[in-house]
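Working notes, structure below.
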Amino acid sequence: MASSAKKQKVHDTKFNREFQTWWTEKYGMISKGDKAVCVLCSGTVVCRTSSVKRHFETNHKSVSQKSEAEQKELIASALNDKNKQSTSMIKFVGKNCNTSAASYAAANVIARHGKPFQEGEFLKEAWLACAPSLFEDFDNKDKIIQRIKDTPLSRNTIKERILKLAENITDQQKIDIKDASFISLCLDESTDVTKSARLAVFARYCVENVIKEELIAIKSLLTTTKGTDISTAVKNSLAEKEIDIKKIVSVTTDGSPSMVGKKNGFISLFQADVGHSILEFHCIIHQQVLCAKSGLISLDNVMAVVTKIVNLISSQALNKRKFDALLDEVNSVYNGLLMYNSVRWLSRGNVLERFVDCLEEIRLFLQNEGKIEQYPQLLDVMWLSKLMFFTDICQHLNTLNVKLQGTNKTIIAMIDLVRAFEAKLQVFRNDIITRNYKYFPNLKKYMNDLDIHETADKEKITEEFISVIDSLIKEFLGRFSQFKELSEILKFIMYPDVTSFHKLNFSQFDWLEIEEFEMQLIDFQSSSIWIQKFIETRKELELIETERSTSNLSKNANNKILETWNALPDTFNCLKKLAHAILTMFSSTYACESLFSEMNNIKNSVRNRLTDESSSACILLKVTSYNTNINYLSSNPQQQKSH
């Protein structure tokens, strides 16, 4: 009997601790969690009738002494005010979230276009100037204008937004790199406008069916730029991004001593930390430039004269104005000469082409200035023949260089371009021997236009030009050795159905744990289904290559190859490991070179006080392929009012 009474008491206690809806009308209480909240004073009370009643009669004695009708009216009014406050707070938070998202979006656009932080204030001023006319027929025009005014776009706000956006990109990179099986690096070093040494590090990795080439870090080297400094900077950068260095397959550099030195070069130092052999590549584009530089060294004297004349005309203000006026007078399509920059890959060819196109105007200008006698080469048949040949061969080299430029290019495609040019050099050689000059338009035009009184020693000219082409052939054959040695294993990613196991060199891939590779390759090559899969892939790659050669817009061939390999079952896991490792390799440091151009645009002479943190964030947002998660960032409760 006592037990039954005890159970009844416990039940009554639980019931009494639950919020009772009639408290709202009688005592002005509303439920919040396991507490009752008074709408008259916002005080909290335990959910018990006696406590609620005591709070009402003690804290609101003046109300409790009123008539029941007056009590209900006062409580209803307090409830209404409470609801209005909640609604206003929801609207305020929602409005702040919207203005914050707009602020992040504006900061993202500013960063991706390399604009200064104060452009945010300019944007707001422009929006406010346009809004009255643009939204004239809108009923809520005033609200729209007020929302623009409330959007925080001050310089400091834009700076903080850009740092947050860059952090968001970094977080996305970390997640994808952590899931990636293999990673390859490409790095290069340059100086910014303040003469600070900056090291750019890119990573290439697979994310599902997409190959990413992403900026991992752009670090300042505070003192020297030795291999030890670069190694320390790279290791710190990888640690910050939580990248497992054991996943690294290859490293591509510009081939400088600090990068590839045998004892203290970055590669040798870094490989010791990685713990397994890594492939080291010398950028294909840099090697092509070195081939052109060494192969055409016998024509340096021609370039020296051209540079001297161009500098005379273009570097002196008065001469430049006079020459520009002369070009305008003769209705030239050009407005001046180009000045030579030995660092820029295409500069020499472009300078020579412009010089040849303006040759008659240059002669006339020098004659008018009384300086033609200082440059007898401009009237010398032999020198002019060399100039025309030099210009034509540089145009061929520039064409190759442009084809090699760009990101997300397969190593196979790059090597094929180099081999094709090697074959073309033989054609150029025969063209010179036969003196048809089919592939040397400037030389052909000059030789055909020679006056009957002007004589050219064609035998000597032919001999010299053949010597130059032979020098180029020798240079091209002597370089690209790393890529040529791996040609068979590189082809494997596209031709696994016809690859011979015995032709594959696994010396650099023994750490991949692919002992079953030979058996799996036999099984794969015995499967008509998977063989057909790669035949179809190669057909699609042909279409992609055709589109690329006829248009600047094209699909990524690497992604198509990766998609095909990902379709294979895990019974071919050794084959897939090797394919994924190869697909991560960089063939050039083009990504770094293009980044340095962006860096100089962002941190220029006007913005030379930009900190490393801010400039790195701007550069990352400029070059990344990731999309920032603005909705996530703008939902942060710590919002900022417009300044």
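Descriptive notes on the structure:
- Candidates Lys72, Lys91, Lys95 - the one that is farther than 30 Å from Leu153 by Cα and either of a type in the set (Lys, Arg) or at pLDDT below 75 (or both): Lys72
- Candidates in the stretch 31-45 are the residues that are within 19 Å of Ser77 (Cα to Cα) and among the hydrophobic types (A, V, I, L, M, F, W, C); of these, the one that is surrounded by the fewest Cβ atoms within 10 Å (Cβ to Cβ) is Cys41.
- Taking the listed residues Ile284, Ile248, Ile278, the one that is of a type in the set (Val, Ile, Thr) and within 30 Å of Arg354 (Cβ to Cβ) is Ile284, with no other qualifying.
- All positions within the stretch 402-425 that are farther than 30 Å from Ala579 by Cβ and open to solvent by less than 50 Å² (accessible area, probe 1.4 Å): Leu425
- Of the set (1) at pLDDT below 90; (2) open to solvent by less than 40 Å² (accessible area, probe 1.4 Å), all apply to Met494 but (1).
- Residue match in the stretch 159-177 (condition: surrounded by fewer than 16 Cβ atoms within 10 Å (Cβ to Cβ), of a type outside the set (Lys, Arg), out of contact with any Phe, Trp or Tyr (no Cβ under 8 Å at 6 or more places or on another chain) and not in a helix (DSSP H, G or I)): no
- Screening Ser237, Ser231, Ser268, Ser250 for residues that are in a strand (DSSP E or B) and small (Gly, Ala, Ser) leaves exactly one candidate, Ser250.
The rows are residues; the columns are (1) in contact with a Leu (Cβ under 6 Å, 6 or more places away or on another chain); (2) among the small types (Gly, Ala, Ser); (3) in contact (Cβ under 8 Å) with a residue 12 or more places away in the chain; (4) more than 27 Å from Ile514 (Cα to Cα).
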{"site": "Asp139", "(1), (2), (3), (4)": "no, no, no, yes"}
{"site": "Asp188", "(1), (2), (3), (4)": "no, no, yes, yes"}
{"site": "Ala197", "(1), (2), (3), (4)": "yes, yes, yes, yes"}
{"site": "Val210", "(1), (2), (3), (4)": "no, no, yes, no"}
{"site": "Leu215", "(1), (2), (3), (4)": "yes, no, yes, yes"}
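- Hits in the stretch 499-540 - residues which are outside any loop (DSSP other than H, G, I, E, B), aromatic (Phe, Trp, Tyr) and surrounded by 15 or more Cβ atoms within 10 Å (Cβ to Cβ): Phe517, Phe524, Trp530, Phe534
- Of all the residues in the stretch 141-152, those that are touching a residue at least 12 places away in the same chain (Cβ under 8 Å) and open to solvent by 100 Å² or more (accessible area, probe 1.4 Å) number 1.
- Options Trp345, Trp383; residue that is of a type in the set (Phe, Trp, Tyr) and not in a helix (DSSP H, G or I): Trp345
Let's see how each residue does on (1) among the aliphatic types (A, V, I, L, M); (2) touching a Pro at 6+ places or on another chain (Cβ under 6 Å); (3) without any contact (Cβ under 8 Å) to a residue 24 or more places away in the chain:
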| position | (1), (2), (3) |
| --- | --- |
| Lys403 | no, no, yes |
| Gly406 | no, no, no |
| Met414 | yes, no, no |
| Leu425 | yes, no, no |
| Lys438 | no, no, yes |
| Lys445 | no, no, no |
| Ser467 | no, no, no |
| Ile493 | yes, no, no |
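- Meets criteria (more than 15 Å from Leu199 (Cα to Cα), under 17 Å from the mean Cα position of the chain (by Cα), assigned to a loop (DSSP other than H, G, I, E, B) and not aliphatic (A, V, I, L, M)) for Ser587: yes
- Residue within the stretch 426-438 that is closer than 30 Å to Cys186 by Cβ, within 40 Å of the chain's Cα centre (by Cα), of a type outside the set (Asp, Glu) and open to solvent by 80 Å² or more (accessible area, probe 1.4 Å) present: no
- Residue match in the stretch 312-320 (condition: surrounded by fewer than 13 Cβ atoms within 10 Å (Cβ to Cβ), hydroxyl-bearing (Ser, Thr, Tyr) and in contact (Cβ under 8 Å) with a residue 24 or more places away in the chain): yes
The values are calculated or read from the model by the stated rules, or taken from the named source; none is laboratory data. All values reported here derive from a predicted model rather than from experimental measurement. Note that we place each Cβ from the backbone using ideal geometry, even for glycine, and neighbour counts take in every protein chain shown. Just so you know, the surface numbers come from the protein's heavy atoms only, side chains and all, with ligands and any DNA or RNA stripped out. Shrake-Rupley method; radii C 1.70, N 1.55, O 1.52, S 1.80 Å.
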